[in-house]
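The values are calculated or read from the model by the stated rules, or taken from the named source; none is laboratory data. Quick caveat: nothing in here was measured; it's all calculated off a predicted structure. With ideal geometry, Cβ positions are generated from the backbone for all residues, glycine too; neighbour counts draw on all protein chains shown. To get the accessible areas, we keep the full protein, side chains included, count just its heavy atoms, and leave off ligands, DNA and RNA. Shrake-Rupley method; radii C 1.70, N 1.55, O 1.52, S 1.80 Å.
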Amino acid sequence: PSTRPRKSSVVAKMASALIASQYSSSSGFPSLELSCRRTQDGEEEERKSRTADGTHFALPPVADPAAFLGRVLGENSDVKIQFLHGTTTLGFKFQHGVVIAVDSRATAGSWIASQTVKKVIEINPYLLGTMAGGAADCSFWERNLAFQCRMYELRNKERISVAAASKKLANTMNQYKGYGLSMGTMICGWDKKGPGLYYVDSDGNRLTNHIFSVGSGSPYAYGVLDSGYKYDLSVEEALELGQRAIYHATHRDAYSGGVVNLYLMKETGWEKISTTDTQIIHARATQK
C-alpha cells in the first residue's frame, strides 16, 4: 500500500501553517524570514526577504538593508534612485458620505508611462484606498490590507471599522519603515460610526481629517477645495467639486492627467460614479 499522504490532508496542513505564520504576531501583518544563497567561497550571492505566503522581495546583500537604503536614498547620496512622485488624489467627507477623486497618469521621470492607471483600490464593498507614490508599493500593500480585513471579518463575524483598517496598514508600514517604500494613501469607508477618512503613508504616519489631497498636484487641488468645500454640500455639488479639483490639478501639474475617476462612499457602500477624460472636462470649461 502507498505511504503517501492524502492530498486533502496535505492541503489542510499547508493552509493551517499559512494562516498561523501570517498571523504569528498580534499586529496581523505577514511575518518575514530572511534567506540567502552563498557561493562556494562563502560570499553572499543573493539575499531575499520571504513573506509567509512564499512571496520573495529582493534585498540588498548587506547586513542591515534599512541602513543601507537610508544612505543610498539620502539627499546627499551620489546614487540617484529617488522616486519622482507624480499624481493627484483627493477625498473629503460631507453630509451624505465621502467623495474620492483621482487622476490616472503614471510617470517615470519626464516620461508618461501610462494614462490609464487605476488609482483607487477597492478593498471591500465598504472600504476604498487611493494610490500615490510608488504604484507597486501602493497596489501590493493595499491588497495585503484587503486580505487582513477579510481575515478580521471571518474571525470576528463583523465588518472591520475604517479606523481599524487604517491602523492595520499603518502597522504594516511601520514594520517596513526605512526599507525604501514610497506610499501616500487615503483609506475611506463607512462603518458603525458613519463615514471615515484616514491618511496613511510609508513612514507609518496615520491621520484623520475631513479633507485630504495627496500627490504632486495636491496644492492645486487644495486651492479648489478650499474655495468650494462646505460640509452641507449636496451629492451633485460634492461630485462636481471633486472632479473640478482634479481637473485643475491635471491642468497645472505635468505629472497628473489622463482621466478623472470619481467614487462616492455611502452607507450602502462605495459607488463608482464616472470616468471622464480631462480633455473633455477642459473643453466644457473653456466653452462656458
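What the table below lists for this structure:
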| item | result |
| --- | --- |
| Single condition Ser139 does not satisfy, out of (1) open to solvent by 40 Å² or more (accessible area, probe 1.4 Å); (2) within 21 Å of Tyr263 (Cβ to Cβ); (3) not β-branched (Val, Ile, Thr) | (1) |
| Verdict on Ser234 being touching a residue at least 24 places away in the same chain (Cβ under 8 Å) and either on the phi > 0 side of the Ramachandran plot or surrounded by 14 or more Cβ atoms within 10 Å (Cβ to Cβ) (or both) | no |
| Among (1) within 22 Å of Lys272 (Cα to Cα); (2) without any contact (Cβ under 8 Å) to a residue 60 or more places away in the chain; (3) aromatic (Phe, Trp, Tyr) - the single one Tyr126 does not satisfy | (2) |
| Where a residue in segment 107-119 is open to solvent by 70 Å² or more (accessible area, probe 1.4 Å) and its partner, wherever it lies, is at pLDDT 90 or above, with Cβ under 7 Å and at least six apart | Ile112/Arg105; Gln115/Ser104; Gln115/Arg105; Gln115/Gly257; Gln115/Gly258; Thr116/Ser104; Thr116/Gly258 |
| Condition broken by Gly223, with the remaining ones in (1) surrounded by fewer than 21 Cβ atoms within 10 Å (Cβ to Cβ); (2) part of a loop (DSSP other than H, G, I, E, B); (3) at pLDDT 95 or above satisfied | (2) |
| Arg284 loosely packed, with under 15 Cβ neighbours inside 10 Å and touching a helix residue (DSSP H, G or I) at 6+ places or on another chain (Cβ under 6 Å) | no |
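Let's see how each residue does on (1) out of contact with any Pro (no Cβ under 6 Å at 6 or more places or on another chain); (2) under 15 Å from Phe92 (Cα atoms); (3) assigned to a strand (DSSP E or B):
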residue	(1), (2), (3)
Ser216	yes, no, no
Asp232	yes, yes, no
Leu239	yes, yes, no
Ala249	yes, no, no
Leu264	yes, yes, yes
Gln279	yes, no, no
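Conditions (1) modelled with pLDDT under 95; (2) among the hydrophobic types (A, V, I, L, M, F, W, C); (3) open to solvent by less than 40 Å² (accessible area, probe 1.4 Å); (4) not in a loop (DSSP other than H, G, I, E, B), marked per residue:
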residue	(1), (2), (3), (4)
Tyr179	yes, no, no, no
Thr185	no, no, yes, yes
Gly189	no, no, yes, yes
Leu197	no, yes, yes, yes
Asp203	yes, no, no, no
